[in-house]
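Just below is one structure, and these are the notes that go with it.
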Amino acid sequence: MIRNPVPWPNGARCAVAFTFDMDAESLLYLSYPERAHAMVATASQLRYGPTVAVPRILESYRHFGIQQTFFVPGWCAERYPQAVEAMAKDGHEVAGHGWLHEHPNELSDEEERFWLRHSLASVEKITGIKPVGWRAPLYNYSHRSTDLLLEEGIRYDASLMGDDVPYLVEGSKASLLELPSHWGMDDWPPFMHSTEFGFQMPIQAPAFAWRNWWEEFEAQWEHGGMWIPVWHPFLSGRLARWQQTHRMIEKMLEQGGVWFAPLREIARHVRQCMADGLWQPRSERYGQIEGLPVVPTFR
């Protein structure tokens, strides 16, 4: 069903990267800059991520001996350096995710460039490693993002949803490797409930949400794809939910044929396969106006 699966290392059937966006209170200060300091209950919900959930997640990763990827806004890296330092110390990738979770497609050209550079510098200051990966906050990739990311040395993006396997996003001078996921792999729909953010979905039992994600995994495993969840420590790092994930990793290892890797390693492998002539991706160009059908206006 996947027409062009990547040949994964050592004959693996599927590449797996648990990716976490450690947004902490950046969401609150972005939405309510004047009164965020007084919204204590919401802040406590978000702060649970770096203070309680991240150590729990790292403990499981150490137990299984795997390295994975965290996307961290620069503001969060500077507010919670101990959490980010712990990620880097254990060999995990810390990638870019905006400064204050701002939306690139709502910014001007210069604003997007400025906050991109500022956010990457903040992460590098804490980890000592310049990020090579990026995920746009709330998937809000702009028509400029490809070229700006390439200018800053970003090697892959993980914001888009256009395939089951890697593909190339064409910029004006070069292409960026896309490692896609989709909303069905995000933990906000099953777990997030917040009047402050206008997101009041019925909260699902952990086993129900994980059954959906396991079915996604089974399909990717069967057909040679990638399984990349987009999770948040303050949601999926809660005790009962993370207990389900711990069991899921055990089950994946028992099944076999799974390559656990941070996204930077997946991107490096894909690029090497391309260079060796073992695999070639398709490409897409976004944000191009020329050549589009005319949109009629109705009066």
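Considering only protein heavy atoms, what is the solvent-accessible area of CYS273 at a probe of 1.4 Å, reported in Å² to the nearest 10? Only protein atoms counted, so the area is about 10 Å². Taking 7 Å steps out from each Cα toward its Cβ at HIS63 and TRP214 produces label points 1.7 nm apart.
Among the trypsin sites (Lys or Arg not before Pro) within region 3-86, those in coil by DSSP and having at most 14 neighbouring Cβ atoms inside 10 Å are ARG3, ARG35. Amide H contacts under 5 Å for VAL258: ARG13, restricted to partners 5 or more places along the chain or on a different chain, H placed in the peptide plane at 1.01 Å from N. In region 23-125, how does Rg compare with the Kirkwood Rh, expressed as the Rg/Rh ratio over alpha carbon atoms? Rg divided by Rh gives 1.00. Amide H contacts of SER194: PHE199, GLN200, MET201, each under 5 Å away and 5 or more positions distant or on a separate chain (H built 1.01 Å from N in the peptide plane; Pro and chain starts excluded).
Just want to confirm a number: the relative contact order over the chain, from Cα pairs under 8 angstrom separated by 6+ residues, in percent.
Reported as a whole number, the value is 27 percent.
The phi torsions of region 150-156, fed into the Karplus equation with coefficients 6.51, -1.76 and 1.60 and a -60° offset, translate into couplings of 5, 4, 8, x, 6, 9, 8 Hz, rounded to whole numbers, with Gly and Pro shown as x. For the chain, the antiparallel share of DSSP beta bridges with both residues in that region comes to about 20%. Report summary: the helix-based calculation at 222 nm, which adds -39500 (n - 2.57) for every DSSP H run with n ≥ 4 and divides by the residues of the chain, gives -12000 deg cm²/dmol. Compute the relative contact order of region 1-118 as a whole-number percentage, counting only Cα pairs closer than 8 Å that sit 6 or more residues apart in sequence. It rounds to 28 percent for region 1-118.
A crude spin-label estimate for the pair HIS143 and SER108, with each label 7 Å from Cα along the Cβ direction, gives 1.7 nm.
Sorted largest first, the spans of the alpha carbon positions of region 134-222 along the three principal axes are 46, 40, 17 Å.
Look at the Cα gyration tensor of region 137-296: its axes a ≥ b ≥ c give a/c of at least 1.5 with a/b at or below b/c, and that counts as oblate. Over the Cα atoms of the chain, the radius of gyration divided by the Kirkwood radius equals 0.96; this is the Rg/Rh ratio.
Global size of region 42-95: 11.0, 34 Å for Rg and Dmax (C-alpha atoms, Rg to one decimal, Dmax whole).
Charges were assigned to the Cβ only: +1 to each Lys and Arg, -1 to each Asp and Glu. The resulting dipole of the chain about its Cα centre is roughly 500 debye.
Heavy-atom accessible surface of HIS37, to the nearest 10 Å², is about 130 Å², with a 1.4 Å probe and all protein chains retained. Dividing the C-alpha radius of gyration of region 68-203 by 2.2 N^0.38 Å, with N its residue count, gives 1.06. Other residues within the sphere of radius under 9 Å centred on the Cβ of HIS101, judged by their own Cβ, net out at -3 (K and R +1, D and E -1). These residues, GLU124, GLU178, go from largest to smallest accessible area, 1.4 Å probe, as GLU124, GLU178. The GluC sites (Glu not before Pro) of region 1-75 meeting both criteria, a DSSP state outside H, G, I, E and B (loop) and at most 16 other C-beta atoms within 10 angstrom of the site's C-beta, are GLU34.
The values are calculated or read from the model by the stated rules, or taken from the named source; none is laboratory data. Nothing here was measured: the structure is a model prediction, and the numbers come from that model. Virtual Cβ from ideal backbone geometry, glycine too; neighbours counted across all protein chains shown. Accessible surface is based on the protein model in full, side chains and every heavy atom, while ligands, DNA and RNA are left aside. Shrake-Rupley method; radii C 1.70, N 1.55, O 1.52, S 1.80 Å.
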